[in-house]
Amino acid sequence: MRRLAGYMLVAILAAVLATPAPAQSRGFFGGLFGGEREVAPPPGAIPNAPGAGRGQPPQRPAQQQRRKAAPARPAQPAEPSFPVAEIAPKNDDAKKVLVIGDFVASGLAWGLDQAFADDPTHVVLDRSDGSSGLVRDDHYDWTASLPDLVADVAPDMIVVMIGINDRQAIRAAAGNLALRSDAWDAAYAERVDRFVAALKATGRPVIWVGEPPLRSADGSADMAFLNTLFKEKAEAAGMRFVDVWDGFAGEDGKFVLRGPDMDGQVRQLRSGDGINFTKVGRRKLAFYVERDLGNGTAGPGAAQTLNPSATVEIGADGTQRLVGPVMSLTDPAPPPPGTPLAGDTPAQPLPDPVAALTGGTALPPAPRGRADDFTWHPPAPAVTGGTSAVDGVVILPAAAPR
């Protein structure tokens, strides 16, 4: 019996030794009695990875990387809220303001519409074409279309803002003219001349609004060049040129995304693309024009005041303010018109201020020595003793020196 038991033990040990040992086990007795074993992960698998248990395929690093959520893109700054006014009905004889140009002119028309939302005497007509300009006249030719447009609308005033789409080559018979080359500058100036002549032929007052700075340095340089050209051509034809550059630039004259609005509060004026305007910016853009429209003038001197002592001042926020003549708060009021100047008539004595307070009755003179006695009394003559001749004052003799 003992021999049989020994044979059985040897057989069991042989079977155990013949079994391939796992990479990781729970010891000899765990393998002997069938305990749970920890199976080593296959090559390339991530140790302790979630779901990498028995019977599941190993997960590669690339697979886990694909399962991760893509990083969120940085959000663009949200456009600030703006209380949009409802446009009130207009009078039948309301002045018609025709706005022409590109997509920036369309934003200007929206701002003007908000500016005159409660004014029944002005109506804004937006006839802009977003993709138009003076370069691609094959898309829309403003010079050729303007006479029919004016005849159809019959505006009282024309507002122009154009040029943002003109940063491209000009197609010519000899080939394309590169942007800002000498040939391009000459061809573009000729197109501006033709457009200005068409505007002048309408016989309507014209306000030409300049271009704002752009985010890119090259774009701002091109807009500055166009503004110089537009200002020269427009003012030479008797039109008013409105420069809006400083209202949308920093102290260094460069593009700013945020700046003071009409109320002086710093808000976002431009959109994230560095070209368009937010609603706040469009409303501020229209502020530069609405004063001339409200006055019914659009000539070069429209912003000037009738008072020669008053001036128009550009504030730090780019807005124009009417500054009147400097007046002193303590100076007397000027005489009415027709009053003779000094020297023409004898000077009149000034009224007694005390009599003015007492209803015209002068007060009796104050007794001598009282606080309100302002009369001058001559000094008493020097005497050695006795009674002075002045006011009966008794003067004692001076004491003799010892």
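The values are calculated or read from the model by the stated rules, or taken from the named source; none is laboratory data. In this text, all values refer to a predicted model and were calculated from it rather than measured experimentally. Cβ sites come from the backbone with ideal geometry, for glycine too, and all protein chains shown count toward neighbours.
For this structure, a couple of remarks:
- Of the criteria (1) at pLDDT below 90; (2) among the charged types (D, E, K, R); (3) in a loop (DSSP other than H, G, I, E, B), which one residue 119 fails: (1)
Residue by residue, here is whether (1) without any contact (Cβ under 8 Å) to a residue 60 or more places away in the chain; (2) touching a Gly at 6+ places or on another chain (Cβ under 6 Å); (3) over 21 Å from residue 159 (Cα atoms); (4) not β-branched (Val, Ile, Thr) holds:
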site: 218; (1), (2), (3), (4): yes, no, yes, yes
site: 225; (1), (2), (3), (4): yes, no, no, yes
site: 229; (1), (2), (3), (4): yes, no, no, yes
site: 237; (1), (2), (3), (4): yes, no, no, yes
site: 242; (1), (2), (3), (4): yes, no, no, no
site: 248; (1), (2), (3), (4): no, no, no, yes
site: 261; (1), (2), (3), (4): yes, no, yes, yes
site: 264; (1), (2), (3), (4): yes, no, yes, yes
site: 271; (1), (2), (3), (4): no, no, yes, yes
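- Of the strands (runs of 3 or more DSSP E) lying entirely inside region 137-211, those containing at least 3 residues that are in contact (Cβ under 8 Å) with a residue 12 or more places away in the chain span 157-161, 170-172, 206-209.
- Every listed requirement among (1) surrounded by fewer than 20 Cβ atoms within 10 Å (Cβ to Cβ); (2) assigned to a helix (DSSP H, G or I); (3) in contact with a Pro (Cβ under 9 Å, 6 or more places away or on another chain) is met by residue 223 save one, (1).
- In region 168-184, residue surrounded by the most Cβ atoms within 10 Å (Cβ to Cβ) [restricted to those that are modelled with pLDDT of 95 or more and in contact with a helix residue (DSSP H, G or I) (Cβ under 8 Å, 6 or more places away or on another chain)]: 170
- In region 186-205, the residues that are touching a Phe, Trp or Tyr at 6+ places or on another chain (Cβ under 8 Å) and exposed (fewer than 15 other Cβ atoms within 10 Å of the Cβ): none
- Residue 305 modelled with pLDDT under 50 and either under 21 Å from residue 157 (Cβ atoms) or surrounded by 15 or more Cβ atoms within 10 Å (Cβ to Cβ) (or both): yes
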